[in-house]
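Here is the structure we will look at.
The values are calculated or read from the model by the stated rules, or taken from the named source; none is laboratory data. Because the structure is a prediction, the values reported are computed rather than measured. With ideal geometry, Cβ positions are generated from the backbone for all residues, glycine too; neighbour counts draw on all protein chains shown. Remember, those area values only see protein heavy atoms, side chains included, never the ligands or the DNA or RNA. Shrake-Rupley method; radii C 1.70, N 1.55, O 1.52, S 1.80 Å.
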Amino acid sequence: MTAANGRTAGREGAVHGGAAAGDTLAAVVRQWQTVHPDLDTGPMEIIGRINRCAALLQQAEDAPLRHAGLTRPEFDLLGALRRTGLELTPGELARETFSSGAAVTKRLKQLTERGLVERRGDTRDRRVAHVRLTDAGRDLVDSILPEQLSYETAVLSGVDGAGQRELAALLGELLVQLEGRLRAPRG
């Protein structure tokens, strides 16, 4: 179906490229369409919604993680060590978690102080550190992960299974494109 502005209507009557949806971004898009009716706000509608969802998810701070005294970035570091089953350098952890080296260093210091990770120097190069989970770190990740996944399931409960799979696939396509386009060449 085509809306009056030439944009197509899609699932459940929402206008793609338009502002028929009832979320907070719809009002922003309507305002921009009033000011600049000649501009296609389609990209804003996607990127804006992704950013708004990310902001709301960050505000929620992942309740199970908060109860364990962890932030999402700290849990991501612990999770990277747990899922790989390897000792990783801070640089490898930065790549695994899409974080800066400085942020990883700060988080590792905090996690080391809590007894969740251990650092050991490289026998061949004193500048290199290797990080591994302690037993307490592994136990914490293993105890939180099921609860965290249940929390995330509840967050997504308003979207049916097919919609979740479609959304995951579309976001996966976007992520592959962005990672390919924005990734700095490795030297």
Self-check item: Dipole in debye (nearest 20) - the stretch 81-176, about Cα centre, beta carbon charges: Lys, Arg +1; Asp, Glu -1
Solution: 640
Practice problem: Report the full-extension gain for the segment ARG120 to ALA169: residue separation times 0.36 nm, less the Cα-Cα distance, to one decimal in nm. | Solution: 13.7 nm
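For the stretch 51-187, rounded, prolate or oblate, judged on the Cα gyration tensor with a ≥ b ≥ c (square roots of eigenvalues), a/c < 1.5 rounded, else prolate if a/b > b/c?
oblate
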Self-check item: Inter-site label distance for LEU39 and LEU156 at 7 Å from Cα along Cβ, in nm
Solution: 3.3
Practice problem: Of the options ALA68, GLN148, VAL104, report the single residue whose Cα projects farthest towards the positive end of the charge dipole of the chain (beta-carbon charges: Lys, Arg +1; Asp, Glu -1). | Solution: VAL104
Quiz item: Computed FRET efficiency, Cβ-Cβ of ASP23 and VAL128, R0 45 Å: what is it to the nearest 0.05?
Solution: 0.45
Quiz prompt | Carbon and sulfur %, accessible surface of the chain computed with the full protein complex present, 1.4 Å | solution = 57
Quiz item: Hey, can you rank 142-149, 67-74 by average C-beta count inside 10 Å, highest first?
Solution: 67-74, 142-149
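Could you sort 117-123, 35-41 so that the peptide with the highest average Cβ count within 10 Å comes first and the rest follow in order?
Per-residue mean Cβ counts within 10 Å order the peptides as 117-123, 35-41.
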Self-check item: Only Lys, Arg (+1) and Asp, Glu (-1) charged, at Cβ; the chain dipole about Cα centre in debye
Solution: 720
Quiz prompt | Å² of accessible area per residue within the chain, as computed with a 1.4 Å probe and no ligands counted | solution = 67
Quiz item: How far, in degrees from 0 to 90, does helix 72-84 lean away from the longest principal axis of the Cα atoms of the chain, to the nearest 10?
Solution: 60
